[in-house]
């Protein structure tokens, strides 16, 4: 029979090895979770998954024959005291045609507020062909009490949409924005309420801009 004193060091060694393996698994899972965010964002950007739009430096040199109606939608988070609306309900464009649309925002509160907008298009499968050249959603927007501003978005629909049979039934694309108050943008900002609202939108709309949502939550 093996002496009891010789068995204890071996048992301790096995326990340390088990703890090391468990720790490695935990750290690996945490690392994968953080890596998943940029990878998911890259996947959405490339494929247009969930209505994620694309970014382009300029419109194509030539337009196509296909006609698309682009509708505009505007929303604010429940805690955001801004009035936010599109200045045009819809436009009709040719694919490849650069178009400028305007949104208006008014700060109805008595304090300065910094806002940031998430966005997507529907139907979601059109996201891979909807390109923004310039957009107010690329940066944060700050408004003083009672201040208003016109915010442009320049875009085009990629003519390649006509070559995708899966998009033959798409005649209308809706571009939607939701404005959130950036947590901590004012001294009296209820950051807890804002964070909860943003988390809810992320859960309900996983296709929303991940980077903007992370910024609002203060995790980036």
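Every number here is computed from the coordinates shown, using simple stated rules; none is lab data. Quick caveat, the model's predicted, so the values are computed rather than measured. Glycine also receives a Cβ, built like all others from the backbone with ideal geometry; neighbour counts cover every protein chain displayed.
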**OP:** For a footprinting-style exposure proxy, rank 175, 143, 100 by other Cβ within 10 Å, fewest first.
**Re:** 100, 143, 175
Subject >> Contact order normalised by residue count of region 131-175, Cα under 8 Å, 6+ apart, percent >> reply: 42 percent
